[in-house]
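The values are calculated or read from the model by the stated rules, or taken from the named source; none is laboratory data. In this text, all values refer to a predicted model and were calculated from it rather than measured experimentally. Don't worry about glycine lacking a Cβ; one is built from the backbone with ideal geometry, like all the others, and counts go over all protein chains shown. To get the accessible areas, we keep the full protein, side chains included, count just its heavy atoms, and leave off ligands, DNA and RNA. Shrake-Rupley method; radii C 1.70, N 1.55, O 1.52, S 1.80 Å.
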Amino acid sequence: MIPNSYRKRQRVPHRHTSATRVSSTATVVNSFSDKTVSESSQKLHRTSSAASTITSSPNAVTSSFNDPYTADVLLRLFVDRSPFDSDAPSDSSRQSDIQIYLHSAVIRRAKYFAAIFSDCWQHRTNADAKSNNGAEGSRSNDNNNNLVQLNLAVVDDPNSISIHLTVLQLLYTSDFATVIDSASTALEILPVALELLFEDCVKSCLRFLEAVPWSEEEEKRVLSLIPFLREEESKELLARLSPGKEDSCEEMLHGLILAAIHNHPNMAFVKAFVAKLLRDFSSRESARRVLERAFETSLKVVKESLEEYTSPDFRGDHNETEAIQRLNLHTAMTNGRHLLWLVERMIELRVADSAVVQWSEQASFTADLQRAFRDDAWRNIVPGLPAVVLRCTCKLANAVAAGTILAARQVRMKLVKDWLPVLLVCKDNVSPMLPSHKPLHLELEETFLRIISTLPMSDAQVLLQQCLSFSTRNVEDCPHLITAFNTWFRRATRPPQLENLD
């Protein structure tokens, strides 16, 4: 079992020369004077449990980590300090040079050590040793006779030695789950496992990371390790980190909008949450496209429902026809509410330009609305339908009048021209009031008159004549209408200005 002190440490940076896992850590077979195993090494727990021992063959002696009696390798772990750091104060409480007894048959599990012990590598080392004044090979002739002695340099980091010790101990076990028990631990161990080409440990770390949640900091560390993984190893992590297609954010937002306005039982809370997501989303253009797409869909449903309601097919049974008519009205009402919410979001994000243009091009739709509202059948089925439609119109018209949406002159003119008759029909047939202090009709009247004041005199003249219905029994109760006509007449009596432009 690996001591608890070797778990859950901060990841240390590891250097790699390529994504094929060629280690940059300097490991050399070298002879050095006999040393007693350092105090830090002696403190490592030796155990005979199945989880921390490996038997290389049926007739072999059980190999335990850091067992000097059965080991055939003496590994020196030391911190590789830069020459530029030689004057830096050292941490006396930190071990920077220790020795561990290992077993070549065990540590061959790491392909890095397997390469060291290969005949090819040994021959090359021997040739290098002979060329260096006939120096002795990799075996000591002192008390550690017949031990292959290795040097493994690690980066200068507070936890580098301890993490390397942890990975070396994992060479002696197949039970990685007792050690790799958190994302942070897996991220500490994985770079060293990659460095030593310890494939079993790499697979265990990746399997754990793929299955558990990460913090934002852990996600950054995962991203930093992706370049050192093979394609098949990084596939699952990348699927979690990056979308499969470019428009995935828009598809997600569109799905959330549809869920908020159609499917969720707690509609008000969900709509408020989705509205916040839209406000906080980094790309306003993406939010624009998503909202426009949903707006067009809802508008189409409302228009088709009203068209079917105002042009029913009477060839069937009367009761069946009436049921269809009721369904058409309910469909129009439901999608009208969705439309109002979408209009509010678009105005809030200042992306309602397209919606205003579309709303101003609804001559057929407004004609259907006028026919529907002149009929009394809707009153007992969807009494709130006129208010919903007029609220949509009022929201968009207010945004135009306030300059939140800069609409072209033709759009402004058509917006008033097509929707003014709907307002007049609603005034004559219904009287819905908003919960606020202003009646909806009066607010829309004032907004239309403000838009008319932005139009050329000829257009304003035609539209103002249609606004006489805004007048009341007491003339003083309609100051907005009086102001609009006074403005028009003041401009009409002003001397022409064209000759002054020369």
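Among the residues of region 294-310, are any within 28 Å of Glu251 (Cα to Cα), surrounded by fewer than 16 Cβ atoms within 10 Å (Cβ to Cβ), modelled with pLDDT of 95 or more and of a type outside the set (Asp, Glu)?
Yes, some residue in region 294-310 is within 28 Å of Glu251 (Cα to Cα), surrounded by fewer than 16 Cβ atoms within 10 Å (Cβ to Cβ), modelled with pLDDT of 95 or more and of a type outside the set (Asp, Glu).
Given the conditions (1) surrounded by 14 or more Cβ atoms within 10 Å (Cβ to Cβ); (2) under 22 Å from Arg350 (Cα atoms), which single one is not true for Gln325?
(2)
How many of the residues in region 178-197 are under 18 Å from Leu77 (Cβ atoms) and assigned to a helix (DSSP H, G or I)?
The qualifying residues number 7.
Which numbered condition in (1) open to solvent by less than 90 Å² (accessible area, probe 1.4 Å); (2) at pLDDT 90 or above; (3) not β-branched (Val, Ile, Thr) is the only one that Phe489 fails?
Condition (1) is where Phe489 drops out.
Say whether the condition of being of a type in the set (S, T, N, Q) and surrounded by fewer than 16 Cβ atoms within 10 Å (Cβ to Cβ) is met by at least one residue in region 361-369. Working first, answer last.
Looking only at region 361-369, we keep the residues that are of a type in the set (S, T, N, Q), and these are 362, 364, 366.
Still in the list and also surrounded by fewer than 16 Cβ atoms within 10 Å (Cβ to Cβ): 364.
Scanning region 361-369 turns up at least one residue that is of a type in the set (S, T, N, Q) and surrounded by fewer than 16 Cβ atoms within 10 Å (Cβ to Cβ).
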